[in-house]
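The values are calculated or read from the model by the stated rules, or taken from the named source; none is laboratory data. Computed from a predicted structure; not experimentally measured. Glycine also receives a Cβ, built like all others from the backbone with ideal geometry; neighbour counts cover every protein chain displayed.
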Amino acid sequence: MTNDERQLRASELIRHSGSLFRMLTNLCLAVFICGSLSCDRADKPSQLTLYTSIDEPIARPIIEQFEKETGIDVVIIGDTEANKSVGLAERLRAERNRPRCDVWWGNEPFHTINLAREGLFQPYESPSAADVPAMYRDPQHRWAGNGLRARVIVWAEGKEPRGEFSLAERRFAIARPTAGTTAGYFAALYTIKGQEFGDEFVRRLGRPTLLGGNGPVAEAVGRGEFDVGWTDNDDAANVLRNGGRLSVGFAGSGTLMIPTTVALVANRPENGNARKLVDFLLSRGVENELIHAQFAGWSICGGEGQPAALQIDYEEVAKQMPEAVRRATAILEGREP
């Protein structure tokens, strides 16, 4: 091999060595950057998704407090007034195999119970639920309640009803029973008294105007558009707070009490942060916030001023709700059930 050939071969080796060095350097740099990013992501708490039918102005400050205390981001997914609970429940059912939600926070128990029965929630015995009365929590620890609302009767000045069946003679409004706590009320009625009594009770109400939710019912009575309405305590409080004129009362035979309900969604990756959110939402601190905001009216643990509660089996009422709502809606719309 001549000197020129040796020099050419050396130059090629140097050039290839330089390329190999640069390739190895870039590879090491890429591994370092990926490793750094992975560590950075691991140090950050994961984001949670919350499905809630609690009114957004009530829910958001409570969730913001959780985020502030824990550093955990929460995406809040709500629903419209007319579809409260129902729309979110159907969404969760549609996502059964690949749920996007980590925690459920319902404004009533009946849809929560049915979702638990369908296997959409996983058991979790939250320490925050240790003092919750048995009637307001699932024996299998798939959900628990916090803060109580109540079904109420509201009326315009001088229009106080003199019994339930005098309502047929008044300008009377209720929320369409296919959504919200009106569904729970009719389901409780049918469960306690039976189908025959329930059908007759609804017929004797006459033909009340069916509105899109409990909020619109309270607002319409507060404006004097209707004499009487059935709604929830928080909707009545909101109308009074905004200058509406109405009076509020309870059913003499017992009031349907409505706990908010919290559950851990099934088929999600193991996530301690989701349990932290469940614990937080079931805490007495959050219950106090719900009462202070006039959403809940009373503690789930009882106390002074709480109306006499209707003694019902919430599990059985939830089971009967679809058929009870179907029958009541048909009668209210002038059809046979």
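Scanning the range 164-196 for residues that are within 22 Å of ILE312 (Cα to Cα) and free of Cβ contacts under 8 Å to residues at least 24 places away in the same chain returns LYS193, GLY194, GLU196.
In this structure, does THR181 turn out to be among the hydroxyl-bearing types (Ser, Thr, Tyr), in contact with a strand residue (DSSP E or B) (Cβ under 7 Å, 6 or more places away or on another chain), closer than 26 Å to ILE331 by Cβ and buried (at least 24 other Cβ atoms within 10 Å of the Cβ)? Yes.
Within the range 196-226, can you find the residues that are within 27 Å of ASP55 (Cβ to Cβ), assigned to a helix (DSSP H, G or I) and of a type in the set (Val, Ile, Thr)? Scanning the range 196-226 gives VAL217, VAL221. Residues of the range 234-249 that are in contact with a Phe, Trp or Tyr (Cβ under 7 Å, 6 or more places away or on another chain), not small (Gly, Ala, Ser) and not in a loop (DSSP other than H, G, I, E, B): ASP234 alone. Exactly one residue out of PRO216, PRO139 is touching a residue at least 40 places away in the same chain (Cβ under 8 Å) and either β-branched (Val, Ile, Thr) or out of contact with any helix residue (DSSP H, G or I) (no Cβ under 8 Å at 6 or more places or on another chain) (or both): that is PRO216.
Taking the condition closer than 25 Å to ARG149 by Cα and part of a loop (DSSP other than H, G, I, E, B), does ILE54 pass? Yes, satisfied. The residue pairs whose first member lies in the range 44-71 and is small (Gly, Ala, Ser), whose second member is surrounded by fewer than 12 Cβ atoms within 10 Å (Cβ to Cβ), and whose beta carbons are closer than 9 Å, counting only pairs six or more residues apart or on different chains, are SER46/PRO269; GLY71/LYS44. For the range 127-135, indicate whether the set of residues that are β-branched (Val, Ile, Thr), under 18 Å from ILE258 (Cβ atoms) and in contact with a helix residue (DSSP H, G or I) (Cβ under 8 Å, 6 or more places away or on another chain) is non-empty. No: zero hits. Only a single item in (1) among the small types (Gly, Ala, Ser); (2) more than 27 Å from ALA324 (Cβ to Cβ); (3) surrounded by fewer than 17 Cβ atoms within 10 Å (Cβ to Cβ); (4) more than 24 Å from the chain's Cα centre (by Cα) is not met by GLY272, and it is number (4). Kindly check whether there is at least one residue in the range 282-292 that is in contact (Cβ under 8 Å) with a residue 60 or more places away in the chain and within 23 Å of ILE192 (Cβ to Cβ). Scanning the range 282-292 turns up no residue that is in contact (Cβ under 8 Å) with a residue 60 or more places away in the chain and within 23 Å of ILE192 (Cβ to Cβ). Whenever a residue of the range 106-128 is in contact (Cβ under 8 Å) with a residue 12 or more places away in the chain and surrounded by fewer than 17 Cβ atoms within 10 Å (Cβ to Cβ), its partners that are in a loop (DSSP other than H, G, I, E, B) and not small (Gly, Ala, Ser), lying with C-beta atoms within less than 6 angstrom and at least six residues away or across chains, give the pairs PRO123/GLN140; PRO123/HIS141; PRO123/ARG142; GLU125/HIS141. Among (1) β-branched (Val, Ile, Thr); (2) in a helix (DSSP H, G or I); (3) at pLDDT 95 or above; (4) over 13 Å from VAL262 (Cα atoms), which single condition is VAL154 missing? Just one mismatch for VAL154, condition (2). Among the conditions (1) loosely packed, with under 15 Cβ neighbours inside 10 Å; (2) over 19 Å from the mean Cα position of the chain (by Cα), the only one that GLY198 does not satisfy is (1).
The set of residues in the range 301-337 being in contact with a Phe, Trp or Tyr (Cβ under 8 Å, 6 or more places away or on another chain) and part of a helix (DSSP H, G or I) consists of TYR314, VAL317, ALA318, GLN320, MET321, GLU323, ALA324, VAL325, ARG327, ALA328.
Residue under question is GLY285, and the condition is that it be part of a loop (DSSP other than H, G, I, E, B) and over 13 Å from ALA150 (Cα atoms); does it hold? No. Screening ARG100 with (1) under 19 Å from the mean Cα position of the chain (by Cα); (2) part of a loop (DSSP other than H, G, I, E, B); (3) more than 22 Å from VAL75 (Cα to Cα) gives one miss only, at (3).
Being surrounded by 15 or more Cβ atoms within 10 Å (Cβ to Cβ) and either over 17 Å from the mean Cα position of the chain (by Cα) or part of a strand (DSSP E or B) (or both): is that true of PRO259 here?
When the stated conditions are applied, PRO259 passes them.
Of all residues in the range 252-272, those that are more than 29 Å from LEU48 (Cβ to Cβ) have Cβ atoms under 6 Å from Cβ atoms of residues that are not hydrophobic (A, V, I, L, M, F, W, C), 6 or more apart or on another chain, in THR255/PRO307; LEU256/ARG151; LEU256/TYR185.
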